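Beneath this line is the structure, given in structure tokens, with notes to follow.
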Amino acid sequence: MFFDRNEIDVRIRRAIIKSEKFIGQGEVATYIPELANVDPDSFALAITSITGDTFLYGEVDKIFSLQSISKILDLLVALHDNKLEDVYNKVGSEPTRYEFNSLVPITDKPANPFINAGAITTTSMIMGSTIDERFKRLMDFYNMIAGSETSVFLKDVYESEMETSDRNKAISYYLKSKGIFDADPSEVLDLYIRSCSIGTDIESLSHFGAVLANRGYGIDKIQDLIPESIVSIIVSQMASCGMYENSGSYLMNVGIPSKSGVSGAILGIVPGVCGIAVYSPRLDKTGNSVRGKELLKILSYELNLNIFVK
């Protein structure tokens, strides 16, 4: 982004206005009942540069659940706790054409860490003697990287998701039956759903993204928060697998490694430049925010963020 702050603000506002034509398109997630209770037309956007400049728009105080964006966190902590080869002996790294909660990609191991089966697998590798201890580690990692203590555990979302988790229960027990992990499937699933139920605001999420964009170095305090080798893995997996079965076309059209969640949030990483977080709950058929992905496409053009066009 080789513009001054005022020019950046003008371009972002122009992109937001262009994205307004997508208001009303798509539907909120209903398979988790609590997610159906949100205002479908809520909107928030935050962009945090690697130098700490932050641009905020919309409902910046809104708290929303990470949902599948938490799969980044699950993978990050699993890679922190285990050798790289041990993690990827249990989960693959390739995109899949199947939906995120499908059983089909599970052969010898789940296709990648960003489908449900893959994230349940990486969650099983997080160290700690109890579920509470492991979940606290996830929350602590998120807060450390996001640079704030604003994250919360959304108990209502957690309970709603636990009550409707039959497919994920099946995935968990199937993974155990395949010998992919030895832990109690019900405990692994519990931790996985807790991580999906972490609540955050848009600024904290963009700050989390900015640290990834900054090769794992802190923004407010210059310190190494995440090893660069782990950042490289996470961002490359976001590029290839982060937008469910539409990851390839999204990357081609937008050019920003991203990870979406069915809450309506999307986190985008522009290496060496910024983290972008957008929240808009209406989803397309693959579970990606309709307005969110279109706004990222517009921002990619307006701010020259496409990693393949420099």
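The values are calculated or read from the model by the stated rules, or taken from the named source; none is laboratory data. Predicted model, so just to flag it, every value in this text is computed and none were measured. Quick reminder, even Gly has a Cβ in these numbers, built from the backbone with ideal geometry, and neighbours come from all protein chains shown. Accessible surface areas use protein heavy atoms only, side chains included; no ligands, DNA or RNA. Shrake-Rupley method; radii C 1.70, N 1.55, O 1.52, S 1.80 Å.
Could you sort 169-181, 255-267 so that the peptide with the highest average Cβ count within 10 Å comes first and the rest follow in order?
Put in order of decreasing packing, that is 255-267, 169-181.
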For the range 17-151, what relative contact order do you get, as a whole percent, if you take Cα pairs closer than 8 Å and at least 6 residues apart?
17
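Place a +1 charge on the Cβ of each Lys and Arg in the range 1-58 and a -1 charge on the Cβ of each Asp and Glu, then give the dipole magnitude about the Cα centre in debye, rounded to the nearest 20.
Dipole magnitude for the range 1-58 comes out near 280 debye.
Give the peptides 49-57, 128-136 in descending order of average Cβ contacts within 10 Å, highest first.
Details: 49-57: 16.1, 128-136: 13.7.
In decreasing order of mean packing, 49-57, 128-136 become 49-57, 128-136.
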With the dipole of the chain defined by +1 on each Lys or Arg Cβ and -1 on each Asp or Glu Cβ, the option from L189, L79, L299 whose Cα lies farthest towards the positive pole is L299
Which of the three applies to the range 183-310, rounded, prolate or oblate, going by the alpha-carbon gyration tensor with a ≥ b ≥ c and a/c under 1.5 meaning rounded?
oblate
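Of the peptides 230-240, 11-21, 62-72, how do they stack up when ordered by the mean number of other Cβ atoms within 10 Å, highest first?
Highest mean packing first, the order is 62-72, 230-240, 11-21.
Any idea what the relative contact order of the range 71-200 is, in percent, if you count C-alpha pairs under 8 Å spaced at least 6 apart? Show your work: numbers first, answer last.
Values: 161 pairs, mean separation 36.3, N = 130.
It comes to 28 percent, rounded to a whole number.
When only C-alpha pairs under 8 Å and at least 6 residues apart count, what is the relative contact order of the chain, in percent? Let's see the in-between values first.
Details: 627 pairs, mean separation 87.7, N = 310.
Answer for the chain is 28 percent.
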Here FRET efficiency (C-beta to C-beta, I63 to D108, R₀ 45 Å, nearest 0.05) is 0.70
For E7, tell me the accessible area in Å² from a 1.4 Å probe, rounded to the nearest 10.
70
Per-residue HN-Hα couplings for the range 47-52 [Karplus 6.51, -1.76, 1.60; θ = phi - 60°; Hz; x = Gly/Pro]:
10, 10, 7, 6, 9, x
Report the full-extension gain for the segment R14 to D182: residue separation times 0.36 nm, less the Cα-Cα distance, to one decimal in nm.
55.3 nm
Across K155/K285; K259/K293; K21/K62; K71/K259; K136/K169; K259/K297, pairs whose alpha-carbon gap is larger than 18 Å
K155/K285; K21/K62; K136/K169
Enter the accessible area per residue of the chain (Å², integer; probe 1.4 Å; all protein chains in place).
41
